[in-house]
Every structure is written in C-alpha cells, then in structure tokens.
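Computed from the coordinates by the stated procedures, all read-outs in this text should not be read as laboratory data. This is a predicted model, so every value here is computed, not measured. Cβ atoms come from the backbone with ideal geometry, glycine included; neighbour counts cover every protein chain shown.
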Amino acid sequence: MEEQHATLRVLPARRPELHEVPEPGPRPVRVHVVGTDPLARVGLRTLLADHPAIHVTGESPPGPPLARALHATRPRVLVVHGTLSPEDRPAPEAVSVLTVGEAPGVPGAPTHGHLPGTATAGELSSAVVLAAAGYTLVGGTRGLPPPGTRLSTVSPDELTDRESQVLELLARGLSNAEIAGALTLSEHTVKTHVQNMLHKLRLRNRVHAAIYAFEMGVRGSF
C-alpha cells in the first residue's frame, strides 16, 4: 500500500504559558460534540467515549444550546458534524474545531481539521489530540496512525531531560524556533534534539510524536 502523509501546520492559537507549572499527569482533552442530527451526535460521542485521554463533556445542537454548553463545560475541542456557522463558532483562542462528515466549515468559520464520515474511532481520537495540541490537520485522515496502532513500545524514560522538554513543547504545537526561544537553545540544537528523540522512540515524524507524548503523559522537567 502506498505510504500516505498528513500535512500539519501550527495554529496561531494561544498556547500554555511556558512558566506555568503543569499539573502531575496528563489531563484528558475536554471535547464537546455539536450537530443538527441527534443520531450523528450520539455516534460521535460513542466513538470518543472509550478513549482514556479524552473526556466528552456533552453534545448539543447549534445555537443557544451550544453557547450555554460552551460556557458551562469549557471544552478544548469542538467536534462538529457537518458545518458550523460563523455565528455559532466560538472565539478561536478558546476552542479548536474539527468538522466531520460534510464539507468542512463555511466562509468566516475556519476549522482546525476535517474528517470524512468514514473516519474510525482511532482516527477521530488522533485528530482530537492533534487539534488540542494546536495543529491543523490538512488532508483528512492521511498520515494518522491506523486504529489501535501503538506508535512506539519505547518508554519515554529513554529520553534525556532535555529531549523530554523538547517533546513536550513539540506536542504543544511549538515550532523549532519557538522551542529554541523557550529553552534558550539554538534552533540547530533543537533540531538535533528532535531528530534524536524521534530516533530513540522509533517515531516517524512530529505528528506521531505529538500523539505519543499526549498518550504517554510526557512532561518536561522545567
């Protein structure tokens, strides 16, 4: 089978402040499902319900019910069946938006990724993790790991403290230049750390590294 790849770009969304001390252990991504079709909403909620790194806060139709739900539950990712109008879309710094099923979005309501209606639970979960990390998925599910695939059997304990820091910041969606600024390193040094980290963990690319970091609960020591 021909190898496929995903093209990702870093979103200009608000990222966690680097001086903030992370809480012990990974926190599940808070996800809210929205759409006009009740059966589709339940289906998407069911696909995400069994993933240990994801917490579904609820589901609702667009309009006032969605606005109330966003205010009450404050999800990190909004999974939308179909399209979302500009009036219903939350502020870009608050929520990452993934659309599923129909053509992605409408003018004035940008999304952070689109999945076809045939997406599996594993593909949807991976896309949610990437959106929460600040990435935009371009090209549907191409390049995402197959459902049920364990990206690496190597423990994150094999990494040095610096490599763990680089992996955590990469998983937040920071570029090499931004990582270099955060850790007071040269961009060349960061690139070397990224290459070494991928080699040690036997990961293919930054996409898989972001998913691996989230699922393994990697935390940098800074």
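Classify the stretch 156-216 as rounded, prolate or oblate, taking a ≥ b ≥ c as the square roots of the eigenvalues of its Cα gyration tensor: rounded when a/c is under 1.5, otherwise prolate if a/b is larger than b/c and oblate if not.
Because a/c hits 1.5 or more and a/b exceeds b/c, the stretch 156-216 counts as prolate.
Quote the FRET efficiency, to the nearest 0.05, computed for Asn205 versus Ala49 with a Förster distance R0 of 22 Å and r equal to the Cβ-Cβ distance. The pair Asn205/Ala49 has a calculated efficiency of 0.20. With θ taken as phi - 60° and the Karplus curve 6.51 cos²θ - 1.76 cosθ + 1.60 applied, the whole-hertz 3J(HN,Hα) list for the stretch 113-127 is x, 9, 10, x, x, 8, 4, 8, 4, x, 5, 5, 5, 4, 5 Hz, x standing for glycine and proline. Take each peptide in 190-202, 28-40, count the other Cβ atoms within 10 Å of every residue, and average; sorted highest first, the result is 28-40, 190-202.
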